[in-house]
1. Condition first: among the small types (Gly, Ala, Ser), open to solvent by 10 Å² or more (accessible area, probe 1.4 Å) and in a helix (DSSP H, G or I). Can you find one or more residues in the stretch 189-210 that meet it?
2. Picking from GLU489, GLU515, which residue would you name as being touching a helix residue (DSSP H, G or I) at 6+ places or on another chain (Cβ under 6 Å) and not in a helix (DSSP H, G or I)?
3. When residues of the stretch 110-143 are filtered for being open to solvent by 60 Å² or more (accessible area, probe 1.4 Å) and either part of a loop (DSSP other than H, G, I, E, B) or touching a residue at least 24 places away in the same chain (Cβ under 8 Å) (or both), how many remain?
4. How many of the residues in the stretch 14-68 are open to solvent by less than 20 Å² (accessible area, probe 1.4 Å), farther than 24 Å from GLY190 by Cβ and among the hydroxyl-bearing types (Ser, Thr, Tyr)?
5. Name the single residue, out of those in the stretch 211-251 being of a type in the set (Val, Ile, Thr) and more than 20 Å from PHE273 (Cβ to Cβ), that is most open to solvent (accessible area, probe 1.4 Å).
6. It is to be established whether one or more residues within the stretch 213-221 are of a type in the set (A, V, I, L, M, F, W, C), more than 16 Å from the chain's Cα centre (by Cα), closer than 27 Å to ALA21 by Cβ and in a helix (DSSP H, G or I).
7. What are the residue pairs meeting all of these: first residue in the stretch 42-66, first residue at positive phi, second residue modelled with pLDDT under 85 and surrounded by 15 or more Cβ atoms within 10 Å (Cβ to Cβ), Cβ atoms under 8 Å, and 6 or more apart or on different chains?
8. Which of the helices (runs of 4 or more DSSP H) contained wholly in the stretch 349-458 include at least 3 residues that are farther than 22 Å from LEU504 by Cβ?
Amino acid sequence: MPTLDDILEQIGEFDFFQKQALFFLCLLSVTFTPIYVGIFFLGFTPEHYCRSPGVAELSQRCGWSLEEQLNHTVPEWGGHEASFSSRCRRYEVDWNTTGISCTDPLGSLVANRSTVPLGPCRDGWVYDSPGTSLVTEFNLVCEDSWKLDLFQSCVNAGFFIGSMSIGYIADRFGRKLCLLVTVFLNSASGVLMAFAPSYTWTVIFRLIQGLVSKGGWLTGYVLIAEFVGSNYRRAACIIYQAAFSLGLIILTALAYALPHWRWLQLTVTLPNFFFLLYYWCLPESPRWLIAQKQNDKAMEVIKHIAKGNKKKLPLSFQNLKSEDEDGEKPKPSFLDLVRTPQIRKHTFILMYSWFTSSVLYQGLIMHMGIAAGNMYLDFLYSALVEFPAAIILILTLDRIGRRYPWAAANVMAGGACLVTALVPDTLYWLKMTAACLGRMGITMCYEIICLVNPELYPTFLRNLGVLVCSSMCDLGGIITPFLVYRLAELWHELPLVIFAVIGLIDGGLVLLLPEMKGKTLPETIEDAENLHR
C-alpha cells in the first residue's frame, strides 16, 4: 500500500492547495513578529531626566533649548551617553527663587557646585518622546529599569513553557485544534494587554501571549511541512520564516504611524481574530491522522487536497499504509539524547547554537533600541537584510551543504558585532552597516539550525531532540534583556563584545557536526551515530 509521500507525488506535492495553505499560514507567521520583537517599540526608552519643580518655568523664561536646560539643571549631564546616576538624581535647590541667572543658574544659587546636595527623583521624570511606551507610562527607569527586562523575560519564559506544552497538545489532539486554541488565547490576551490598568497586569497578559503564541507559530510550521511533499519542504519552511521577516517591516511602519504603545498593541493583535476562520480554511494534517491510525479521515483530507489541486486520486492509491505499521518503534527518552557519543555531541552543540542564535538575534535588536540613531530607520534597515539571508540559503544549502554556510554565518555575525562595538560613533554609516551584516548572519544561523536540528536525530527521537535543543533558544531570550540593558550601563558596547565571543565560538563548534547534504535522514540510533563517517 502507498504511503502519504507516494500519494502526494500523484496529487501534487506543492500545487494550488499547498500554496494556498502556505499563504494562510504565512499570515500567521507575520503576526507572530510583534510578540517576538515588539519590545523594541513597546518598551522603547526615550531620553529622560528627573523632573524638578520650577525648571520648566525657568526654561521658558530664559528661552532655553532642551539641551541647554539639561546642561544647566541635570547633574553630570552628557547627552545620550549620560551616566545612569545623572538620569536618576537632581539638584536639591529651589528653582523658583527669583533672580536666578539664565547663563549660570546654579552658580547664582550656590558658590560651589560640588557642595550642592543631590537627591532622588521625587516628582517623576520628563521624557523626550512624541509618543508613549511601557517605559514612559509606568516609569520603568532608574531603580525600576529592571522591570523592563522582566517584561521581556516573561515573554521568553512563556515561550519556553508553552513550546513544550503546546507541542504535546499538537501531537495528542491534532494540529488544527491546537492552532485554533492558541490563536484565540493569543488574541484575547493581546487585547487585554492593550487595556491593562497596571504594569503587573501588563506582564501577566504578555506572559499568557508568550505561553501560546510561539507554540501556535511552531504548529503552523509543522502543519505546512506536513502538507507539502518532501521535495518542497525546505523551500516552504524558509518562506514561512521569511513571512516573519515581512512582519518586521510591517511592524516598523505601524510603530511609526502609531507611536503610542496601547494603540500599537491593539492594532497588531486584532487581525489575529481572523485566523479563527481557519477552522473552515485548513484541514487537519493527514500525516497526524495517519499516525493516529485514523486512515479514513486522512483519506478524506487527501481527497480534499486532490480536489484543490484539480487532480484525481488513482484507484490504486485509495488505501493508505501507516508509516509505523511495519513494526513497533522504540519510544523516545531524554537519556537517548546523551547516551551515545555522537548524538551526545550533536545535542550539546545544537543546544549551544540555539542559545547563540537567540541571544544574538534578540540582543542586536534590543541594543539597537538603546543606540543613538533613528530607531525606525535602524530597525527597518536591519529587517530588510533578512530577505537576502533567505535567498542566500535557498541558493547554497543544496549546493555547498549546511556546515560551511552555517559556520560562515556565525563568523559574520560575531565579527560584525565586534566591528560595531569598536567603530566610533562618528562613523555611524560603518557602524550601522556592520550591525546589519550581523543581523543577516544571525538570521541565516536561525534558519539553518531549524533545518539541521531534525536531520541529525533518528526518526523516533527527532521531535524530542528538536524540542529539547530549541528550548535553549527561549532560555537565551530570558537572560538577553538583563545582558543587554544592565551591561550597557557599564559600557555601552560591552554586550556587543560578548555577542561576538559567543558567535565566534559557535562558528567553530558547528564544523564538528556531520554534513547532511545529500544524506537520508537517520532512522535508528546506529544511523545517527554513523553520520560522521
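The values are calculated or read from the model by the stated rules, or taken from the named source; none is laboratory data. As the structure is a computational prediction, the values presented were derived from the model and not from experiment. Using ideal geometry, Cβ is built from the backbone for each residue, glycine included, and neighbour counts are taken over all protein chains shown. Side chains included, ligands, DNA and RNA excluded: accessible areas come from the protein's heavy atoms. Shrake-Rupley method; radii C 1.70, N 1.55, O 1.52, S 1.80 Å.
1. no
2. Of the residues listed, the single one that is touching a helix residue (DSSP H, G or I) at 6+ places or on another chain (Cβ under 6 Å) and not in a helix (DSSP H, G or I) is GLU515.
3. Qualifying residue count for the region: 11.
4. Total satisfying the criteria: 3.
5. Among those residues, the one meeting the criterion is ILE239.
6. Looking through the stretch 213-221, none of the residues is of a type in the set (A, V, I, L, M, F, W, C), more than 16 Å from the chain's Cα centre (by Cα), closer than 27 Å to ALA21 by Cβ and in a helix (DSSP H, G or I).
7. GLY54/TRP95
8. 375-384, 386-396, 428-455
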